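A quick write-up on the structure given underneath.
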């Protein structure tokens, strides 16, 4: 079995790569790609630096064919909104080219795509289901939705065994990572755990969807193995909770005081902190799971797994 | 005012071009483009033959900038399903490149896109509204939906004043035109009007959405003039009727007998002949209209306008 991971140096990528050898001990090749690598390759893995939106690099990368591809590479939403050319190349042209080339090299190849809840756009108060209309209100979400549609069509045609997972903001990203409008969702973990004060930009009652990196990686690995009865787009289960409830959980599991001043950034609250309930029945029935509870989320988010 | 029409030699394009001089008598330039032209340019119009998915042609075409673009060029659904490379270039890459280049040359340019009801996919029996989930089940519809999403995003950003119209099969296409799975919808008009027998592939009770070319052109021209209160995607009103009712109307207005044998092509019926009712309130409130009734549809479809 030959496996490719794009965006392998990203937050989600590093989490996935750490677990691949255990899950696929007999893989013939595990190839990691990203723009640059700052880490050293683990034994048995190959690192390939390059730009997926460059046709020559992509062709050479995919030449041997892969049985399983995790496409995680992406320019984050806030950055893509500012840098339109970069976002168009990385978040739209690259996945379209990768998917089509992968299908041409190895028809029926399993293709797991890290999509985003940004495909929904403003949600209002109604419970999110598979019937929820999609009207992305950031370029990032528009490109993710366009990619989902192309992948569903390739799947319908039997060219790729594609599955798209709509991830919420994954926690806790390193404190240094920028480009994510949802950075506050990770800062809450770091600051409370460190016993530091934090000016959170959104109000205490802002309700977000939460998922630890460990739970996200488990979802990616499960998506890679679910059979043809699966769907082409899956909304994985999440924990839905207020930022205050999450801060309390972090305080509880770390024994640190809770020194947060809540803010009033209405735009950030609208995008990330006004999430309605989710009916994740379809994903649950396929065997996907959320973090067990907020304490488990806090422990997982802080563990570095 | 500078106006561009792509796909100007197509069925819809020829109908639109015939009415442009009356609607825009003071246009500084009316530029028509298509792969090839078999007609001679009308006075005051320029014809430019070329391939919109070729970057050099597109750049040169758009270099002077346009105030209004009608993007009609498209590879029909049945052909795009067979010829995937052609469909990808013409129905996805070309509109994406055209829209982005148009916005770069003239920010805020009015961009009217001929989308398709193929974006819906299988509809079931429920009335179609703006909330109806979209799950295109042909590559053609997938590409149209992806283009709508990109255009809505460019509109949100203020880069293009884009509007997408979801057209049903337009009648009556020339009997010679191929590539459309919905060809039977046009043949009914031609054959009944000629007093000829016709083996229609779908059953008599198949319900389609109907629109004459004249009504479609009126919708395009109206879309070009509706203000910023408009929407980024509009489902124009249609006539919803069985193929038998339409054949009767053609027989009635032409005085010809009605010599149709109805078939049993379940796939064609599913795609084109199983249309549920449409709630076109949003479009009606923006001033869009359908053909007045089936007799008016028959007269318009046969008039060549």
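The values are calculated or read from the model by the stated rules, or taken from the named source; none is laboratory data. It should be emphasised that the depicted structure is a prediction, and the values quoted were computed from it without experimental measurement. Neighbour counts run over all protein chains shown; Cβ positions are idealised from the backbone, glycine included.
A few remarks follow.
- Residues in region A:63-98 that are closer than 19 Å to residue A:108 by Cβ and surrounded by 23 or more Cβ atoms within 10 Å (Cβ to Cβ): A:69, A:70, A:71, A:95, A:98.
- Number of residues in region A:261-280 that are part of a helix (DSSP H, G or I) and under 16 Å from residue A:136 (Cβ atoms) equals 4.
- Qualifying residue in region A:86-93 (condition: part of a helix (DSSP H, G or I), within 12 Å of chain B (Cβ to nearest Cβ), at pLDDT 95 or above and within 23 Å of residue A:238 (Cβ to Cβ)): yes
- Test: residue in region B:93-100 that is within 23 Å of residue B:290 (Cβ to Cβ) and more than 17 Å from the chain's Cα centre (by Cα): no
- Residue identified as closer than 27 Å to residue B:137 by Cα and assigned to a strand (DSSP E or B) among B:219, B:204, B:241: B:241
- Any hit, region A:52-59, residues being surrounded by fewer than 23 Cβ atoms within 10 Å (Cβ to Cβ), within 14 Å of chain B (Cβ to nearest Cβ), at pLDDT below 95 and not in a helix (DSSP H, G or I): yes
- Any chance residue A:134 is within 9 Å of chain B (Cβ to nearest Cβ), free of Cβ contacts under 8 Å to residues at least 24 places away in the same chain and either touching a helix residue (DSSP H, G or I) at 6+ places or on another chain (Cβ under 6 Å) or surrounded by 18 or more Cβ atoms within 10 Å (Cβ to Cβ) (or both): yes
- In region B:163-184, the qualifying residues are those that are farther than 20 Å from residue B:289 by Cα and surrounded by 21 or more Cβ atoms within 10 Å (Cβ to Cβ), and the one that is farthest from the chain's Cα centre (by Cα) is B:184.
- Being within 14 Å of another protein chain (Cβ to nearest Cβ) and free of Cβ contacts under 8 Å to residues at least 40 places away in the same chain is a condition met by no residue of region B:160-173.
- Residues in region B:20-50 that are outside any strand (DSSP E or B), closer than 17 Å to residue B:71 by Cβ and touching a helix residue (DSSP H, G or I) at 6+ places or on another chain (Cβ under 6 Å): B:50 alone.
- Assessment of region A:249-260 against the conditions (closer than 23 Å to residue A:22 by Cβ, part of a helix (DSSP H, G or I) and not assigned by TED's automatic domain parsing to the domain that holds residue A:160) yields no matching residue.
- Condition check for residue B:268: within 23 Å of residue B:125 (Cβ to Cβ) and either surrounded by fewer than 21 Cβ atoms within 10 Å (Cβ to Cβ) or outside the structural domain of residue B:128 (by TED's automatic domain parsing) (or both): yes
- Residues of region A:107-158 that are in a strand (DSSP E or B) and either closer than 27 Å to residue A:68 by Cβ or under 18 Å from the mean Cα position of the chain (by Cα) (or both): A:109, A:110, A:111, A:112, A:113, A:114, A:115, A:116.
- Residue check: residue B:122 meets all listed conditions (1) in contact (Cβ under 8 Å) with a residue 60 or more places away in the chain; (2) within 9 Å of chain A (Cβ to nearest Cβ) but one, namely (2).
- Total residues in region B:213-231 satisfying the condition of being free of Cβ contacts under 8 Å to residues at least 60 places away in the same chain and touching a strand residue (DSSP E or B) at 6+ places or on another chain (Cβ under 9 Å): the figure is 1.
- Taken together, A:145, A:156 contain a single residue that is at the interface with another protein chain (Cβ under 10 Å from one of its Cβ atoms) and out of contact with any helix residue (DSSP H, G or I) (no Cβ under 7 Å at 6 or more places or on another chain), which is A:156.
- Region A:104-119: number of residues that are within 12 Å of chain B (Cβ to nearest Cβ) and surrounded by fewer than 21 Cβ atoms within 10 Å (Cβ to Cβ): 1
- Residue in region B:202-212 that is within 14 Å of chain A (Cβ to nearest Cβ), over 22 Å from residue B:237 (Cβ atoms) and touching a strand residue (DSSP E or B) at 6+ places or on another chain (Cβ under 9 Å) present: no
- Just one of the listed residues (B:89, B:80, B:99) is touching a strand residue (DSSP E or B) at 6+ places or on another chain (Cβ under 8 Å) and closer than 19 Å to residue A:149 by Cβ, namely B:99.
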